[in-house]
1. Taking the Cα centre of the chain as the origin and placing charges on Cβ (Lys, Arg +1; Asp, Glu -1), which of 57, 116, 9 is farthest toward the positive end of the dipole?
2. State the percentage of accessible surface on the chain attributable to carbon and sulfur atoms; use a 1.4 Å probe and exclude ligands, DNA and RNA.
3. Could you give the accessible area per residue of the range 33-74, probe 1.4 Å, as a whole number in Å²?
4. For the pair residue 155/residue 83, report the inter-label distance in nm, with labels modelled 7 Å from Cα in the Cβ direction.
5. Could you tell me which trypsin sites (Lys or Arg not before Pro) in the range 84-172 are loop residues by DSSP with no more than 10 other beta carbons within 10 angstrom of their beta carbon?
6. Note the angle between two axes, namely the Cα long axis of helix 154-171 and the longest principal axis of the Cα atoms of the chain, as a number of degrees from 0 to 90, rounded to the nearest 10.
7. If you count, for each residue, the other Cβ atoms within 10 Å and average over each peptide, how do 61-73, 24-36 line up from highest to lowest?
8. Taking springs between alpha-carbon atoms closer than 10 angstrom, which of 122, 101, 49 fluctuates most in the Gaussian network model of the chain?
Amino acid sequence: MEEHLTFKGVPINDTLDVFVGRLNDVGFTQVSVDKEEAVMEGPFCGKQCKTIITASVRSNVVYSASVYVEKSNEWITIKAAYYKYKLLLVQKYGNGESVECFLYPFYEGGGNEGKALRDKKCHYMTSFHVPKGEISIVLEWREEFALVISYKDRVNRELAEDEEDDMMLGDL
């Protein structure tokens, strides 16, 4: 059995440079890269999408791929997209854990959904916990509404957290 979660058929288990190279092989192009993160663009769900690849601080092993699948200036449009992709993810991974709400003083239909999202008073997120990691879908604010699907490998995310803790302990 495969030990690591995959993104676009590529196991999330290589250094950043190697993983970026493998995504190049499946049609992605590199936009930018630094020590722990690469920004790429490529095909996902039938459209060209921006993808952020994140690696651990010391060993530079990739543990996360986050895809910006939709953007919109309209709440109703991004909410419909959220539920469409959520339904597809439920079909593939089973029921996830969801939080879909507004917090006071905001409410849906008040016309301030963007401000609510910016102010962290609007939460639309579903997480699917699978043996190899976690897949999540979340609404974010990035100068407009954005729908992000993230793939986080369990083993390499734990490695990244341990490396970050070690680095912080060294400073304390």
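1. 116
2. 50 percent
3. Using a 1.4 Å probe on heavy atoms only, each residue of the range 33-74 averages 47 Å².
4. 3.9 nm
5. Passing both the DSSP loop test and the Cβ count: 120.
6. That helix lies at roughly 80 degrees to the long axis.
7. 61-73, 24-36
8. 101
The values are calculated or read from the model by the stated rules, or taken from the named source; none is laboratory data. Just so it is clear, the structure is predicted and the values come from calculations on it, not from any experiment. FYI the Cβ positions are ideal-geometry reconstructions off the backbone, even for glycines, and counts take in every protein chain you see. Surface areas here come from the heavy atoms of the whole protein model, side chains and all, with no ligands, DNA or RNA. Shrake-Rupley method; radii C 1.70, N 1.55, O 1.52, S 1.80 Å.
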